[in-house]
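Everything on this sheet refers to the single structure shown next.
The values are calculated or read from the model by the stated rules, or taken from the named source; none is laboratory data. Every value quoted in this text rests on a predicted model; they were computed, and no experiment measured them. Please note: Cβ atoms are built from the backbone with ideal geometry, for glycine as well, and neighbour counts cover all protein chains shown.
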Amino acid sequence: MTRLTLYSLAIELTWACNLRCSHCYNPLHISKSLDSSTDRLLERIDKIFDAVQVGHITLTGGEPLSYPRLFEVLAALKRHGVPCQMISNGTLLDAAYAKRLVEAKLRGIQISLHGPDAQTHEDYTRTQGSFERAVAGVQAANQAGLHVTGCIVVTRRNAHWVGATLGLWQKLGVQRVALSRFSPSGLASQHVARLLPSIAELMTAFEQATPYARGGMRLFCTMPIPPCAMDTKLYAPIRFGSCAVGTTKQEFALSPGGALRFCTLHTQAIGGVEDILDVEDVSSLFHHEQVVTYREGAPSFCRGCYYERSCGGGCGAASMSVYGHREQPDPLLWQHVDDAFREGLDRQREGG
C-alpha cells in the first residue's frame, strides 16, 4: 500500500520566545509551561514518519534557537532523511551556533527584519537591541555558510519602508526575501486595527519591491492576497502564493503540545485530537474530513467567483481569529467591502 506523502510539516518546538512581536500569531509566546518534553516530541516525529512520507520540515516556534535539545531533534530528522529548514528571529545566532547548524545539515534559516533601522524593527519586536542582534545573526549565518532567507512582515506601519528594508537585505548579501503581508491570526488579531495594511499600502510596498525583483532578488509573498483585491501580475516577477490548506501543497503544523493543525496560523486541532500520540492512526488526521472539505468552506461573498476554489476568500485563519468563523473573507479584503467593519477599525485606531 502506498503511503500518504505530505508536501511539508511545520514543527513548533516551543511556545517560548525572547521577543514580543505584535504581529505574532503565537498565543503562548511568553511561556514554556505548556511545552511537552523532547522525548514526547521525538515519539511524535517517529510516529509521523512511520505513517507518512514528508517532503520537508520547517522548525519554528516560538523561537526554535532557544530550544535546549534542538540538536537531538535535528539528529532525529536527519535519521529519517528529510530536509529541514528553520524560521527564527536570529537574535540568538552567533558564529559557533551557526557552525553547529551547518554541521547538523540544516538546509537554511529564515530571519526577519521588519524595517531598515532599529526604530522601525523594534516597533514590532518590542524588544530593545533585537535589530542589532538579528543583523548579527544574519552575518553569523552568512559566515558559516548557512543559507539565509530574509523576511519582512508587511503592515500598515512599515509598508512604505519595504524598499529601504530590501536595500538592507541586499547589503547583507541576502537575495531571497519573503514579503509576508500581515495576517491577523491568533494573538495578532488583537492588533488588527494597528497593523492591517490597506490594499493601497500593500500596493506601495510591492511597487517599491518590484525593482529589486527585476534586478535579480528572489521575492515572494507567502500570505494570500485575494485576486479581486489586487492584480498581483503588475508586480512580476514577485511570486504570489495562495492558501494551501486542503491542497497538495499544504504545510501542516504540529504544536508544542502535540496537536496537528491546518497550518501554523490556525488554532484548531484537526479532529479535536490534542496530542497525536493519543490516536492510533496518525495518517487519518492528514486526510481528515476537515482537511478534505476545507476548500468547500469559502465565504458566501466569494461564491461563484472565478477564484473561489484557488483563493477561498484569502486567509481563513485570519477570518477565524477576527470574526470567529469563515463566513466572511479575509479582513484584508473585508475592510474595503464592509463599511461597518472598516468603521470599527477606524474607531480602534482613533482610540489609541
Taking the criterion of being surrounded by fewer than 18 Cβ atoms within 10 Å (Cβ to Cβ) and in contact with a His (Cβ under 8 Å, 6 or more places away or on another chain), would at least one residue in segment 264-280 satisfy it? yes
Quick one: R214 ticks every box in (1) modelled with pLDDT of 95 or more; (2) touching a Cys at 6+ places or on another chain (Cβ under 8 Å) bar one, so which box is it? (2)
Is it the case that T120 is in contact (Cβ under 8 Å) with a residue 12 or more places away in the chain, assigned to a helix (DSSP H, G or I), of a type outside the set (A, V, I, L, M) and surrounded by 15 or more Cβ atoms within 10 Å (Cβ to Cβ)? yes
Matching option when the condition is crowded, with 18+ Cβ neighbours inside 10 Å, at pLDDT 95 or above and more than 18 Å from the chain's Cα centre (by Cα), among V174, V153: V174
Within segment 159-187, take every residue that is touching a Pro at 6+ places or on another chain (Cβ under 9 Å) and part of a loop (DSSP other than H, G, I, E, B) and give me the one that is nearest to E201 (Cα to Cα). F182
Which condition number in (1) buried (at least 18 other Cβ atoms within 10 Å of the Cβ); (2) out of contact with any helix residue (DSSP H, G or I) (no Cβ under 7 Å at 6 or more places or on another chain); (3) of a type outside the set (S, T, N, Q); (4) in a loop (DSSP other than H, G, I, E, B) is the one that H23 fails? (2)
Answer with yes or no whether G150 is on the phi < 0 side of the Ramachandran plot and touching a helix residue (DSSP H, G or I) at 6+ places or on another chain (Cβ under 6 Å). yes
Here is a list: G81, G90, G55, G62. Which entry is on the phi > 0 side of the Ramachandran plot and touching a Ser or Thr at 6+ places or on another chain (Cβ under 6 Å)? G62
For segment 88-111: of the residues being touching a residue at least 60 places away in the same chain (Cβ under 8 Å) and in contact with a strand residue (DSSP E or B) (Cβ under 8 Å, 6 or more places away or on another chain), which is surrounded by the most Cβ atoms within 10 Å (Cβ to Cβ)? N89
So C243 clears everything in (1) out of contact with any strand residue (DSSP E or B) (no Cβ under 8 Å at 6 or more places or on another chain); (2) modelled with pLDDT under 95; (3) hydrophobic (A, V, I, L, M, F, W, C); (4) over 23 Å from E289 (Cα atoms) except one condition, right? Which one? (4)
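Suppose the filter is within 21 Å of the chain's Cα centre (by Cα), surrounded by 17 or more Cβ atoms within 10 Å (Cβ to Cβ) and in a helix (DSSP H, G or I); does T127 pass it? Break it down stepwise before answering.
Values: within 21 Å of the chain's Cα centre (by Cα): yes; surrounded by 17 or more Cβ atoms within 10 Å (Cβ to Cβ): yes; in a helix (DSSP H, G or I): no.
No.
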It is to be established whether one or more residues within segment 44-57 are under 19 Å from L146 (Cα atoms), modelled with pLDDT of 95 or more and not in a loop (DSSP other than H, G, I, E, B). yes
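Which one of S310, S321 is among the hydroxyl-bearing types (S, T, Y) and touching a helix residue (DSSP H, G or I) at 6+ places or on another chain (Cβ under 8 Å)?
Going through S310, S321 in turn, the sole match is S321.
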Which ones in segment 139-150 are of a type in the set (V, I, T) and surrounded by 23 or more Cβ atoms within 10 Å (Cβ to Cβ)? V148
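Scan segment 125-139 and give yes if some residue there is of a type in the set (S, T, N, Q) and touching a strand residue (DSSP E or B) at 6+ places or on another chain (Cβ under 6 Å), otherwise no. Walk me through how you get there before you give the answer.
Residues of segment 125-139 that are of a type in the set (S, T, N, Q), as a first pass: 125, 127-128, 130, 139.
Add one more test, that the residue is touching a strand residue (DSSP E or B) at 6+ places or on another chain (Cβ under 6 Å), and what stays is none.
Scanning segment 125-139, I find no residue that is of a type in the set (S, T, N, Q) and touching a strand residue (DSSP E or B) at 6+ places or on another chain (Cβ under 6 Å), so the answer is no.
What residue, of A136, A75, is under 25 Å from I45 (Cα atoms), without any contact (Cβ under 8 Å) to a residue 60 or more places away in the chain and not in a strand (DSSP E or B)?
Numbers: A136 fails: under 25 Å from I45 (Cα atoms).
Within the list A136, A75, the selection yields A75.
Yes/no matrix, rows are residues, columns are (1) under 18 Å from H23 (Cα atoms); (2) buried (at least 20 other Cβ atoms within 10 Å of the Cβ):
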residue: R181; (1), (2): yes, yes
residue: G186; (1), (2): yes, yes
residue: P197; (1), (2): yes, yes
residue: E207; (1), (2): no, no
residue: T210; (1), (2): no, no
residue: L219; (1), (2): no, yes
residue: I225; (1), (2): yes, yes
residue: M230; (1), (2): no, no
Would a scan of segment 229-251 turn up a residue that is touching a residue at least 60 places away in the same chain (Cβ under 8 Å), under 26 Å from L42 (Cα atoms), not β-branched (V, I, T) and not in a loop (DSSP other than H, G, I, E, B)? yes
